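For reference, the structure is listed below as structure tokens.
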Amino acid sequence: MSSALILIANGTEEMEFVITYDTLVRAGINCTSALVNDIPDTLPTPSPVAKCSRGVKIIADKDLADVEDPNSFDALIIPGGAKGADTLSQSKKVQGLIRAYLEKDRVVGMICAGSLAALRASLPRSKITSHPSVKADLGSAFEYSEDDVVVAGKLITSRGPGTAFLFALTLVEALVGPEKRKEVYGPMVFPPGYYTTPL
């Protein structure tokens with residue numbers, strides 16, 4: 001069974017987190033959510049609850065520090081939300097995981113401002129997209145695209161909450177194939193023509 005490690009922090013965009021997690025589970029992908037703290041390491045570990053960008057509170061499965069082997073998943077997913085994306089992308093541990101996953105030819109997904117993690121992890125120049133609010137940060141280091149979802153090898157990026165379903169379905173296809181994507185897509189009852197573009 002394929003697996004994904006989905007990161008979350010205070011300020012994460014809840015739609016991007018939940019839609020991605022839910023869609024991957026529908027495809028039979030084993031998902032684990034991991035909280036990345038935005039407090040100094042010297043302070044006690046807080047509750048595993050992330051207060052998301054619109055105030056929704058989500059209980060993560062684990063703190064990232066407690067994930068036994070964070071390198072063992074088939075995919076690493078980084079959602080957006082300005083404050084959450086800043087916490088995730090500034091984390092040295094997260095930056096190291098991004099590089100390790102791509103070096104091992106594993107899928108890395110970033111959506112919205114989560115794409116800042118590509119910059120802060122010093123990834124090589126490739127095609128990328130993001131929320132328009134961080135385009136200026138990424139434009140000089142990457143080949144910037146305004147496509148809804150961009151697939152550049154194993155790096156999959158997307159624009160924001162409105163593209164979260166397409167992002168998630170693209171991850172499904174990358175992890176378990178186009179037939180599983182079709183199988184998941186049907187029962188979700190999208191309007192005709194929505195999110196049908198394959199990888």
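For this structure, a couple of remarks:
- Leading residue by the ranking (surrounded by the most Cβ atoms within 10 Å (Cβ to Cβ)) among those in the range 151-174 that are closer than 20 Å to LEU123 by Cβ and hydrophobic (A, V, I, L, M, F, W, C): PHE167
- Search result, residues across the range 60-99 that are within 21 Å of ALA164 (Cα to Cα) and in a strand (DSSP E or B): ALA75, LEU76, ILE77, ILE78
- Checked against the criteria, VAL189 counts as farther than 17 Å from THR12 by Cα, surrounded by fewer than 22 Cβ atoms within 10 Å (Cβ to Cβ) and modelled with pLDDT under 95.
- Flag for LEU102 being in contact with a Gly (Cβ under 8 Å, 6 or more places away or on another chain), touching a residue at least 12 places away in the same chain (Cβ under 8 Å) and over 20 Å from THR12 (Cβ atoms): yes
- GLN90 passes every criterion in (1) over 14 Å from SER3 (Cβ atoms); (2) of a type in the set (S, T, N, Q); (3) in contact (Cβ under 8 Å) with a residue 60 or more places away in the chain apart from (3).
- Positions within the range 23-57 being surrounded by 14 or more Cβ atoms within 10 Å (Cβ to Cβ), outside any loop (DSSP other than H, G, I, E, B), touching a helix residue (DSSP H, G or I) at 6+ places or on another chain (Cβ under 9 Å) and modelled with pLDDT of 95 or more, in sequence order: THR23, LEU24, ARG26, CYS31, SER33, ALA34, LEU35
The values are calculated or read from the model by the stated rules, or taken from the named source; none is laboratory data. None of these values were measured; they are calculated from a predicted model. Counting neighbours? That spans all protein chains shown, and the Cβs are built from the backbone with ideal geometry, glycine included.
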